[in-house]
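The values are calculated or read from the model by the stated rules, or taken from the named source; none is laboratory data. Worth saying up front: this structure is predicted, and the values here are computed from it rather than measured. Neighbour counts run over all protein chains shown; Cβ positions are idealised from the backbone, glycine included.
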Amino acid sequence: MKKVGTYVFLGVFTILFAFPFYFMLVSITNPTVNIMQGKLLPSNHLLENWRNLVATYDLKQVFFNSARIALLQTILSVTIASLAGYGFEIYQSRLKNMLFNMLLLSMMLPFAATMIPLFRMFGSFSTTIPFIGLDTVASVILPTLSTAFLIFFFRQNTKMFSKSLLEAGRMDGLSELGLFFRIYMPTMKTTYAAAAIITFINSWNSYLWPLITLQSPEKQTFPLMISAIGAANNPDYGLMMLAIVIATLPTMVVFFSLQKYFVAGMLGSVK
């Protein structure tokens, strides 16, 4: 009887959590009128929605913009954060813990508090250093290039890293950078996979800061395109749902491709 209650409870919550995805998939096959009426059955409007979306927006350019920002941010963020986390754990210094605590305190500062100073800073760069000024890829990536969370994540995982491997590498004549790139990185691949998934998804779904800094329509990302569809005088919800489905696919592919490494990396960070 207890098992029956458990299965009923899990079944109800599964339906509740799965329903939004079902409604999203059904909506891409329906016109706006049916979606507004709450129709829950598929229709034959999918090709029409696709043709309207392709005719209205340059999906290739939007995909390229989102992928370029997400991939660059993921590679650079994971590399820089892992270097910092490795350094905080491996090397000894009297000021190390104080500096790390100050870094963690920065997590308490909301982005809204830094948004205006960042905008003014990158606005000044537009005249002096144009390639990192407003409306550039660099202006989107730089403020989130290294986060306190990622540094903390790598430091916690590095606590479980075997320091004897580093000693063996030093005896073999490896430099400090050689130890990091040739011993530490291959050993910590599950941690890198987990950090890469988190960073990629956050970057792909980022909305507020790209909205502020990317001012040219040809540089918009998927979240900005979806927002533009919804902000129209007569929003086409079929178009919007189709754009959301397309925008979701890359993050699903990345997550499910690296799922086992993600779970191993997350478990390793709390052991």
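Any idea which residue in the stretch 69-112 is nearest to Thr158 (Cα to Cα), counting only those that are of a type in the set (D, E, K, R) and part of a helix (DSSP H, G or I)?
Quick first cut of the stretch 69-112, residues of a type in the set (D, E, K, R) only: 89, 94, 96.
Still in the running and part of a helix (DSSP H, G or I): 89, 96.
Details: Glu89: 7, Lys96: 15 Å.
Step by step, filter the stretch 69-112, then rank; the result is Glu89.
If Pro117 passes every condition in (1) in a loop (DSSP other than H, G, I, E, B); (2) farther than 19 Å from Ile198 by Cα but one, which one does it miss?
Unmet condition: (1).
Yes or no, residue by residue, for (1) more than 24 Å from the chain's Cα centre (by Cα); (2) modelled with pLDDT of 90 or more; (3) within 28 Å of Leu214 (Cβ to Cβ):
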{"residue": "Arg68", "(1), (2), (3)": "no, yes, yes"}
{"residue": "Thr74", "(1), (2), (3)": "no, yes, yes"}
{"residue": "Ser77", "(1), (2), (3)": "no, yes, yes"}
{"residue": "Tyr91", "(1), (2), (3)": "yes, no, no"}
{"residue": "Leu99", "(1), (2), (3)": "yes, no, no"}
{"residue": "Leu105", "(1), (2), (3)": "no, no, no"}
{"residue": "Ala112", "(1), (2), (3)": "no, no, yes"}
{"residue": "Leu118", "(1), (2), (3)": "no, yes, yes"}
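Given the stretch 130-217, what helices (runs of 4 or more DSSP H) lie entirely inside it while holding 3 or more residues that are within 26 Å of the chain's Cα centre (by Cα) and under 28 Å from Val245 (Cβ atoms)? Spell out how you get there, then give the answer.
Working: elements: 137-141, 148-158, 163-171, 176-179, 189-204, 208-213.
Where helices (runs of 4 or more DSSP H) fall fully within the stretch 130-217 and carry at least 3 residues being within 26 Å of the chain's Cα centre (by Cα) and under 28 Å from Val245 (Cβ atoms), they are 137-141, 189-204, 208-213.
Could you give every pair whose Cβ atoms fall below 6 Å, whose first residue belongs to the stretch 20-39 and is not assigned by the TED database to the domain that holds Ile229, and whose second residue is among the β-branched types (Val, Ile, Thr) and surrounded by fewer than 17 Cβ atoms within 10 Å (Cβ to Cβ), counting only separations of at least 6 or pairs across chains?
Partner pairs satisfying both residue conditions: Ile28/Val245.
Looking at the stretch 26-39, is at least one residue surrounded by 12 or more Cβ atoms within 10 Å (Cβ to Cβ), among the aliphatic types (A, V, I, L, M) and either modelled with pLDDT under 85 or in a helix (DSSP H, G or I) (or both)?
Yes, because at least one residue in the stretch 26-39 is surrounded by 12 or more Cβ atoms within 10 Å (Cβ to Cβ), among the aliphatic types (A, V, I, L, M) and either modelled with pLDDT under 85 or in a helix (DSSP H, G or I) (or both).
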